[in-house]
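Let me begin by presenting the structure, written as structure tokens, before commenting on it.
The values are calculated or read from the model by the stated rules, or taken from the named source; none is laboratory data. All figures in this text were calculated on a predicted structure; none of them were measured in a lab. All Cβ positions, even for glycine, are placed from backbone atoms using ideal geometry, and neighbour counts span all protein chains on display.
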Amino acid sequence: MTAIVLPQVITHDNAASVLSLLSLKLPVAGDVEVDAGALLTFDSSAISVLLGLARLAHGTNQRFNVINWPALLWSLVQAYDVAQVLSNNTETA
């Protein structure tokens, strides 16, 4: 499985275009894995992008998982209580 790699920046200014671009990279079949390791600058819009990708994946009965969480983003995900939607492994990030 090849992971979809998030860009270095996801903010309110580019979230819609990032979601559009990354949605084109979703596999037709199989699990969806997103690598957040390159993400350096972000706001809560990054969570919106991830939720959008998860919604698209789940809509086609694909499992969705994010790997290599930046610590601050993982904290936001937990604060918004969406960890179960975005990660198969909610114990660690």
So which residues in region 2-20 are part of a loop (DSSP other than H, G, I, E, B), over 12 Å from residue 64 (Cβ atoms) and either in contact with a strand residue (DSSP E or B) (Cβ under 7 Å, 6 or more places away or on another chain) or among the aliphatic types (A, V, I, L, M) (or both), if there are any at all?
-> 6, 8, 11
Conditions (1) at negative phi; (2) in contact with a strand residue (DSSP E or B) (Cβ under 9 Å, 6 or more places away or on another chain): number failed by residue 68 = (1)
Would region 44-57 turn up any residue that is of a type outside the set (Lys, Arg), modelled with pLDDT of 95 or more and at positive phi?
-> no
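Yes/no matrix, rows are residues, columns are (1) free of Cβ contacts under 8 Å to residues at least 24 places away in the same chain; (2) touching a helix residue (DSSP H, G or I) at 6+ places or on another chain (Cβ under 8 Å); (3) under 14 Å from residue 7 (Cβ atoms):
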{"position": "25", "(1), (2), (3)": "yes, no, yes"}
{"position": "29", "(1), (2), (3)": "no, no, no"}
{"position": "33", "(1), (2), (3)": "no, no, no"}
{"position": "50", "(1), (2), (3)": "no, yes, yes"}
{"position": "55", "(1), (2), (3)": "yes, no, no"}
{"position": "70", "(1), (2), (3)": "no, no, yes"}
{"position": "73", "(1), (2), (3)": "no, yes, yes"}
{"position": "78", "(1), (2), (3)": "yes, no, no"}
{"position": "81", "(1), (2), (3)": "yes, no, no"}
